[in-house]
1. Filter the range A:108-127 for residues that are more than 20 Å from B:Ile262 (Cα to Cα) and without any contact (Cβ under 8 Å) to a residue 12 or more places away in the chain; which is farthest from the other protein chains (Cβ to nearest Cβ)?
2. Name the residue, out of B:Lys228, B:Lys202, that is at pLDDT 85 or above and either surrounded by fewer than 13 Cβ atoms within 10 Å (Cβ to Cβ) or more than 26 Å from B:Leu96 (Cβ to Cβ) (or both).
3. Out of everything in the range B:125-149 that is out of contact with any Ser or Thr (no Cβ under 7 Å at 6 or more places or on another chain) and closer than 17 Å to B:Ala235 by Cα, what residue ends up being nearest to the other protein chains (Cβ to nearest Cβ)?
4. Using the structure shown, decide if A:Leu105 is within 9 Å of another protein chain (Cβ to nearest Cβ), at pLDDT 95 or above and not in a loop (DSSP other than H, G, I, E, B).
5. Would you confirm whether or not the range B:324-334 contains a residue that is within 14 Å of another protein chain (Cβ to nearest Cβ) and within 28 Å of A:Gly218 (Cα to Cα)?
6. Mind counting the residues in the range A:116-155 that are assigned to a loop (DSSP other than H, G, I, E, B), loosely packed, with under 12 Cβ neighbours inside 10 Å and at pLDDT 90 or above?
7. Output the number of residues of the range B:121-141 satisfying the condition of being assigned to a helix (DSSP H, G or I), touching a residue at least 12 places away in the same chain (Cβ under 8 Å) and over 26 Å from the mean Cα position of the chain (by Cα).
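The values are calculated or read from the model by the stated rules, or taken from the named source; none is laboratory data. Since the model is a prediction, treat every value here as computed from it, not as a measurement. Ideal geometry is used to build each Cβ from the backbone, glycine not excepted, and the neighbour counts take in all protein chains shown.
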Amino acid sequence: MIWVDTVLQGVLLGGLYALFALGLSLVFGIMRLVNLAHGDLIVLAAYLILMLVTLLGLGPFVAALIALPVMFAVGWVLQRLVLNRVLGPDILPPLLVTFGLSVVLQNALQEGFSADSRRIPAGWLETASVPVGPISLGVMPLLTFGSAILVTLALQFVFYRTALGRAFRATSDDPVTASLMGVKPASVFAMATGIAMVVVTIAALYLGTRANFDPTTGPARLIYAFEAVIIGGLGSLWGTLAGGIIIGVAQTVGAKINPEWQILAGHVAFLVVLLVRPRGLFPRAFD
Amino acid sequence: MAGYTVTTRTRASQIAAAFALVLLIVAILLPAFASRSLIQDLFFILTMLTLAQYWNLLAGYGGLVSVGQQAFVGFGAYSLFGGAILWGLNPIAGLLLAGVAALIIAVPTAFFAFRLQGAYFAIGTWVVAEVVRLSVAQWKAVGGGTGTSLPRDARDAMWGAEWIEIAFDTRSSAARDILAYWLALLLAVATIGGIYWFLRTKRGLALAALRDNVEAARSVGVDSERMKWVVFLVAAFGTGIAGGLIFLQNGRISPDSAFSVIDWTAFVIFIVVIGGIGTIEGPILGVLIFFGLQTLLADFGSWYLMVLGGLGIVVMLFAPGGLWGLLSDRTGLRLFPIQRRLERRATIEENSDG
């Protein structure tokens, strides 16, 4: 029974990792861009929510709602002013620019908020739980997992059922032909990064309310997100969710065996998948 | 017909070579009259330069953008400490062990990371570095998560330190700094010389061809997969030795310092990018700018890293060839030329075989 509990907690933790990963998966799927500052942008959003909560006395969910359009704008501007300039066949410029951005963000946050670890207060929700048979599940983890499923559904809908999604897929397949049809790749990319930052904000809400974070928390989140994307298979949103769950379960099971092995177990699970299925479990794109 | 010859030498490169030789002699003799803090600063510059040259070989020539070089710095350094603590290995011999140990973990690292295409390779190497860090933190003999110091008798046994102590009439700690400085100088010169030599060979030409155009290089028979392996393993070996040397001089090691992505990868990347990626001169210029900025902004804490990161972004956006690229494009200056040029030979043998 204790193992069922461990695995269930891992599945719910996987929801959080999937939220970290979905934005990364979306951006990579559309423009083949790996944003090394992704984790730091999650932490930036968490500080934004924290600021709204502490300065305006808002609840965390209302604060996140206000942060959503702000982060969308951050993503849009970042893509238009910086990242669009470095996209191209050479992978080096976008990697190095986003790596530079990661270091700048971490240190700007350190300068602004000090290196102390913080947490977004969520009141009674922090400790609330619901009993499911003999196991009790936290309300926050359940909300996180529910949000991960909703975000996956929403992205899936945007991607395959809307005009914007058509533009996304067309630009992803062939930007030159897409632009002949009146689609502007530069604006499409800006929209995509904006939407990715909306997902990042939702991830930040749960990151900040469930655990402590500090300005250096970002890179580890980037790594979990990346592992989830690769395990799931590039370009597959449901695969990314599954990848997040695999990392989450591996971590809780590892931690159960030896508390020091939590993070290591997640990485090992990733390496095993990479060994057995180099293209991930549910690959969509061939690249 | 044989009136042409292929050459890489230029007038500037001959002057640079002569100048470099003078500089090297000065650098060797420097400990006789320089202060201890200058020697320590130069040690730092030389080791960072070495790391930067290897990263440049990987990313600038091999197209392998690794964000996981700290795996080799850290594992190399830990092997040196492990060798000294467990087997009483002399730390100077331990440097070779550091290189070999880094080479050994580079094989599985490459095996995993090469499965990831392009940009994902970068984070793949980072994951492997994290796995190595977390595993080493479980190794209780070298202090686990908190780290350990180099044992006193291992420190005192360092080959050559005693001779320096007598010859320069200094305390033993200063003598060890001088020894570490000489080793760093040797490593940096061997690295630059080795990479320069390699790039001028047939294989080096193949590597430069791959850098410029993978498809075109493959079409004339360059084995890109094999070149990737060669470059990755060579870089790991050199990075491991540099890591061992850095922590030998430091005297203390911990998983967080030895596997720091900021110290051993971020700084190195900025040095190469700001100086000029894909050239040997770039990292040399870059490390000087890096050290200058660090000295200038030492009192401003995290502002220093912000400036460095910002500068890296600006350079990548507006001058992807780095500062050396700007300079050499304007002036045509090349201190380590590897371009092969056809030159008309000045002899009058044209009629004899024509």
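1. That would be A:Trp124.
2. Testing whether each residue is at pLDDT 85 or above and either surrounded by fewer than 13 Cβ atoms within 10 Å (Cβ to Cβ) or more than 26 Å from B:Leu96 (Cβ to Cβ) (or both) leaves just B:Lys202.
3. Once the filter is applied, the top-ranked residue is B:Trp126.
4. Spelling it out, A:Leu105 is indeed within 9 Å of another protein chain (Cβ to nearest Cβ), at pLDDT 95 or above and not in a loop (DSSP other than H, G, I, E, B).
5. Within the range B:324-334 (the criterion being within 14 Å of another protein chain (Cβ to nearest Cβ) and within 28 Å of A:Gly218 (Cα to Cα)), the answer is no, since none of the residues qualifies.
6. Within the range A:116-155, residues that are assigned to a loop (DSSP other than H, G, I, E, B), loosely packed, with under 12 Cβ neighbours inside 10 Å and at pLDDT 90 or above number 1.
7. Result for the range B:121-141: 1.
Every residue, every condition in (1) touching a residue at least 60 places away in the same chain (Cβ under 8 Å); (2) within 9 Å of another protein chain (Cβ to nearest Cβ); (3) not in a loop (DSSP other than H, G, I, E, B), yes or no:
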position	(1), (2), (3)
A:Tyr224	yes, no, yes
A:Trp261	no, yes, yes
A:Val268	no, yes, yes
A:Leu271	no, yes, yes
A:Pro278	no, yes, no
